[in-house]
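Comments concern the structure below.
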Amino acid sequence: MAPKRNGRCGSPSNLPVTVSPSEQAFARSELGPGPWIAHFGTYAPGLTRDLVPALVEVARRNLAVRFLLLGRGSERVASALPPGRATATGELSAEAVVARLSIAELALQPFPDGVSARRGSAMAALALGVPVVTTEGHLTDPVWREGAVALAPAGDTARLAGLCLDLLGDPERRVHLGTKGARLYAESFSLEHTVETLLSSPGARLVATS
């Protein structure tokens, strides 16, 4: 069962939460200049419903931006975007994913039922301090509305695209959002927080004193 704190329930990222400067430098040299909007996931139809139209709109309005699609099925989505604008990696090792994800200007991670702490792809970006643009829906609890991510209603692809474009044009806001997202992860969802929560539970105290 996932830990719960102040109404917050979730699991830590199942990817590494740090990346070395040398790994980032290699990823930058491999990918080339951005700016980059990343997406990490499995590209199931329900998850790409908002993703593809939002990326197409961003591509139309910003001719410089490029799209980094990480994960199994990414090639199919890349083919739906303007030629030459998307890099699809397919499946990679966990270390290769975080190295590439960590250098993106932002991550676009929409979910049809809204972001929640059970979404591992969102957790991965937050843990790395990458600014996250995502959606709110019936699974989204209040913690996500406190400014650690940029939120649009699920299904509102124009708003998703607008948030991405606004953040690309505002480096200071991106830094602030990434910092706040990393803090939310560390304080509420990280492995260290999970262990601390489990050890402080009544059941753990009973075992310790028995």
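Counting the residues of the stretch 140-178 that are closer than 18 Å to Leu51 by Cα and not polar (S, T, N, Q) gives 19.
Scanning the stretch 100-149 for residues that are within 17 Å of Leu70 (Cα to Cα) and charged (D, E, K, R), we see that the one that is nearest to the chain's Cα centre (by Cα) is Arg119. Any residue at all in the stretch 97-106 that's more than 30 Å from Ser20 (Cβ to Cβ) and among the polar types (S, T, N, Q)? No, every residue in the stretch 97-106 fails to be more than 30 Å from Ser20 (Cβ to Cβ) and among the polar types (S, T, N, Q). Taking first residues from the stretch 160-179 that are at pLDDT below 95 and partners that are among the β-branched types (Val, Ile, Thr) and not in a helix (DSSP H, G or I), no Cβ contact under 9 Å between residues at least 6 apart in sequence or on separate chains turns up. Test Val97 against the stated conditions and say whether it is in contact with a strand residue (DSSP E or B) (Cβ under 7 Å, 6 or more places away or on another chain), over 24 Å from Arg173 (Cβ atoms) and of a type in the set (A, V, I, L, M). Yes; evaluated as a whole, the condition is true for this residue. For the stretch 127-145, a tally of residues being under 16 Å from Leu177 (Cβ atoms) and in contact (Cβ under 8 Å) with a residue 24 or more places away in the chain returns 11.
Filter the stretch 150-182 for residues that are under 16 Å from the mean Cα position of the chain (by Cα), small (Gly, Ala, Ser) and outside any helix (DSSP H, G or I) and give the result. The answer is Ala150, Ala152, Ala154.
The values are calculated or read from the model by the stated rules, or taken from the named source; none is laboratory data. Keep in mind the model is a prediction, meaning the values are calculated, not measured. Here the Cβ is made from the backbone with ideal geometry for all residues, glycine too, and neighbour counts use every protein chain on show.
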